[in-house]
Amino acid sequence: MSKVELVELNNELLEGIGSYCLRSKKKSTGYINKNNWLNNRFEEGLKYVQIIDNKKQVGFIEYTEAEYSSRVVHADGYLVIHCLWVSEVGKGYGTRLIHKCLKDAKKLAKKGVVVITNSKTSWTPSKEIFLKNDFQLIDSAPYDFELLVYPLTNEVKQPYFPTDWEERLKKFTNLTILRSFQCPYVEIATENILAGANKLNIPVELIDFQDREELMALSPTPYGIFSVIYKGQLISFHRLTVHSVIKKLRELI
């Protein structure tokens, strides 16, 4: 019979176990950036919980208070789930991780828990597991983003997305990358944009978000941690191949 346990990482355990994503490339810049990012966020109350089955890492969940979140959503008083990923579905891993988050939200007397999903990319969690666990769809944004909530109070005012997405895009004419190191794959995604732009001799501006205030003001999507904009249009909010980057940029030249 398999032994399944949840392990909540701290600075010391992170040093030993390491983060889950990109763990096959522990010397990569993206992996190192992610671990550094986590180390700096634990003191803010961020939770990074891995699920272990027979001593094997099989998934994880990451969540934090909305006031420190890397997602563009107005949800003060809530916990925000950044990531949920499991290596195998049908074993209840995802549900156990979600229940851990809900338990912490109750312990902290939070109004509830929110998560942002997008069916068009694997860079966000799948909404089906949350609907299965009684989350409710309450808002949507361009590019297929959806906001789900698990309420823990009778709060009348629900979390919500900003609505000025088009205005945010218009601020950027030059090819611009806006990013945070919350995801280790951001580094690879950045490299591909730079490589594609270089082939077309297009200069790139790089903006590393310094805090949540800047992210909330500038990000053109709810995802928050990676956006590529050119001539006021969103090129991508996830990793593209170099070929796809060149193709998209040529359409706007």
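The values are calculated or read from the model by the stated rules, or taken from the named source; none is laboratory data. This one's a predicted model, so the numbers in the text were calculated from it and none came from an experiment. Cβ: placed from backbone, ideal geometry, glycine included. Neighbour counts: every protein chain shown. Accessible surface areas use protein heavy atoms only, side chains included; no ligands, DNA or RNA. Shrake-Rupley method; radii C 1.70, N 1.55, O 1.52, S 1.80 Å.
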Those residues of the stretch 165-191 which are under 24 Å from Leu147 (Cβ atoms) and open to solvent by 60 Å² or more (accessible area, probe 1.4 Å) amount to Glu166, Glu167, Lys170, Lys171, Tyr185
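Within the stretch 192-212, track down each residue that is open to solvent by 60 Å² or more (accessible area, probe 1.4 Å), of a type in the set (A, V, I, L, M) and within 30 Å of Asp76 (Cα to Cα).
Of the stretch 192-212, the ones open to solvent by 60 Å² or more (accessible area, probe 1.4 Å) are 194, 198-199, 201, 203, 205-206, 210-211.
Still in the list and also of a type in the set (A, V, I, L, M): 194, 206.
The answer is Leu206, and nothing else.
Keeping to the stretch 70-88, report how many residues are surrounded by fewer than 17 Cβ atoms within 10 Å (Cβ to Cβ) and under 18 Å from Ser19 (Cβ atoms).
Adding up the residues that qualify gives 1.
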Determine if the stretch 239-253 includes at least one residue that is at pLDDT 95 or above, open to solvent by less than 30 Å² (accessible area, probe 1.4 Å), within 17 Å of Trp123 (Cα to Cα) and not small (Gly, Ala, Ser). yes
Subset of the stretch 8-56 that is open to solvent by less than 20 Å² (accessible area, probe 1.4 Å), touching a helix residue (DSSP H, G or I) at 6+ places or on another chain (Cβ under 9 Å) and touching a residue at least 60 places away in the same chain (Cβ under 8 Å) - its residue that is nearest to Ser69 (Cα to Cα): Lys34
Is it the case, given these coordinates, that Glu67 is farther than 21 Å from Leu178 by Cα and either under 16 Å from the mean Cα position of the chain (by Cα) or surrounded by fewer than 20 Cβ atoms within 10 Å (Cβ to Cβ) (or both)? no
Residue list for the stretch 89-126, restricted to those being at pLDDT 95 or above and open to solvent by 40 Å² or more (accessible area, probe 1.4 Å): Arg96, His99, Lys100, Lys103, Lys106, Lys107, Leu108, Ala109, Lys111
For the stretch 222-238, enumerate the residues that are of a type outside the set (S, T, N, Q), touching a Lys or Arg at 6+ places or on another chain (Cβ under 8 Å) and open to solvent by less than 10 Å² (accessible area, probe 1.4 Å). Pro222, Tyr223, Gly224, Ile225, Phe226
